[in-house]
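Structure record follows, encoded as structure tokens.
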Amino acid sequence: MAFKPFPVCAFNQSPVTAALRLREQLAGAAVASVAVRMNPYETGYAGMDATGPFASISGTLMSIPFCIATALVHGAPSMRHMTTYDDAEVNRLVGGVTLVTDASVPTLSCVIEATLADGRVVVEDLRMTARDYAYGWDDTAALARRVGAESGVPAAAYDRLEAFCRDLPGGSIGQVLAAFAELDTVRAAAE
């Protein structure tokens, strides 16, 4: 089992990570075009080369160009980003992303070459393995809380779930039920 840090296809986790690192290097510089080199197993998967127009999250989360463009323009993608299909800046950059199949790039890895508006080329060569996605307790908890925050799940629900898990095998199902009751409290307040 592996955890996905971003709401995109498993094969797009590393490209998004690389795009975020590249975004830091660019420090706001305008990107003219992007070439992404990836393993043929990943580039050949259905929908990975899609460039839009997009009308569903099933299209955006699979598209390497959309995921990279979103990360370069907005930073870490959220569900809101992945369901915004009319973002002019993202869509412009999607059209400038070229996907290159390269058998020398291992799976779960990529090489992103960004050509900037001023002609400079900036490269992010990211080599990852499944081990990079095998998170420990703290990273998994932080990821779950980040996803929950996007969905309006209160932190208290996670506090209760974590307490239950940490207490195993002595944890009480009452802790789990109390965590779900936190969701009812949020719903009731919203109504």
Karplus 3J(HN,Hα) series, Hz, for the stretch 102-115 with 6.51 cos²θ - 1.76 cosθ + 1.60 (x for Gly, Pro): 9, 5, 7, 8, x, 4, 6, 10, 6, 10, 10, 10, 9, 9
Label-point gap, in nm, between ALA10 and MET79 - each point 7 angstrom along Cα→Cβ: 2.2 nm
Rounded to the nearest 0.05, FRET efficiency between ASP184 and ARG145 (Cβ-Cβ, R0 30 Å) equals 0.95
Options (1) 18.9; (2) 18.2; (3) 20.4 - which one matches Kirkwood radius over Cα pairs in Å as calculated here: (2)
Amide H contacts under 5 Å for VAL34, placed H, 5+ residues apart: VAL97, THR98, THR115
Between the helical axis of 64-74 and the dominant principal axis of the chain, each derived from Cα atoms, what acute angle in degrees is found, rounded to the nearest 10? 80 degrees
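Would you compute, from DSSP H runs of 4+ residues alone, the mean residue ellipticity of the chain at 222 nm, taking -39500 (n - 2.57) per run and dividing by the full residue count, rounded to the nearest 500?
-14000 deg cm²/dmol
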Rounded, prolate or oblate (a/c below 1.5 giving rounded, otherwise prolate when a/b exceeds b/c) for the stretch 135-190 by Cα gyration tensor: oblate
The stretch 1-112: C-alpha gyration tensor shape, a/c 1.5 cut-off, then a/b vs b/c: rounded
Quick one: helix 155-167 against the long Cα principal axis of the chain, what's the angle to the nearest 10°, folded into 0 to 90? 70 degrees
Expressed as an acute angle from 0 to 90° and rounded to the nearest 10, what is the orientation of the C-alpha long axis of helix 13-26 relative to the principal long axis of the chain? 70 degrees
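Report the net charge of residues surrounding GLY75, where surrounding means a beta-carbon distance below 10 angstrom and charges are Lys +1, Arg +1, Asp -1, Glu -1.
Net charge in that neighbourhood comes out at 0.
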In what order do HIS74, HIS81 fall by count of nearby beta-carbon atoms within 10 Å, going from fewest to most? HIS74, HIS81
Neighbour net charge for LEU26 - beta-carbon separation under 15 angstrom, K R +1, D E -1: -2
Contact order relative to length for the chain, counting C-alpha pairs under 8 Å separated by 6 or more residues, stands in percent at 25 percent
Based on the alpha-carbon gyration tensor of the stretch 78-136 and its eigenvalue square roots a ≥ b ≥ c, which shape applies: rounded if a/c is under 1.5, prolate if not and a/b is larger than b/c, or oblate? oblate
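Each reported figure results from applying straightforward, stated rules to the coordinates on display, with no laboratory input. Predicted, not measured: the structure shown is a model, and the values here were computed from it. FYI the Cβ positions are ideal-geometry reconstructions off the backbone, even for glycines, and counts take in every protein chain you see.
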